[in-house]
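See below for the structure under consideration.
What follows draws every value from the coordinates through simple rules; no lab data is involved. Worth saying up front: this structure is predicted, and the values here are computed from it rather than measured. Cβ atoms come from the backbone with ideal geometry, glycine included; neighbour counts cover every protein chain shown.
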Ligand SMILES: [Zn+2]
Ligand SMILES: [Zn+2]
């Protein structure tokens, strides 16, 4: 635990983990999140700038929530975030489907290789994790 200035109100507080915000500002941020969520639910397809204006928050903050997969852009939205791997536009999270799938495949590949190295082919093609 260390003493830190709140990023928002500059008050000193005991920093543990996560956002550099004091407990009061953290609560306010949660309230803001609820407000934004409600607004998007009531106004599907609203522009991110409009949402930021109407809810008195920032586009940056909204994008952060989208990265954290707490919010998502509509499927037909013309704005979104860039995939952190290939830069393609996405509506939620950090990677596009291709990159997320590619990462998964790469991991599966490693897993298969691992099994082969150990000389334990899976029976019937079905795999399970060995304890
Ligand atoms: Zn604060
Ligand atoms: Zn991608």
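Details
- Shape analysis of the range 1-116 places it in the oblate category; the axes a ≥ b ≥ c from the Cα gyration tensor give an a/c of at least 1.5, with a/b not above b/c.
- You can think of it this way: the chain between residue 108 and residue 31 has 23.7 nm of extra reach, that is 0.36 nm per residue less the Cα-Cα gap.
- Projected label distance in nm at residue 53 and residue 4, using a 7 Å step from Cα toward the beta-carbon: 3.4 nm
- Pair residue 41, residue 74: separation of 7 Å Cα→Cβ label points (nm): 1.7 nm
- Centroid-to-centroid separation of the range 47-90 and the range 10-35 [C-alpha atoms, Å]: 21 Å
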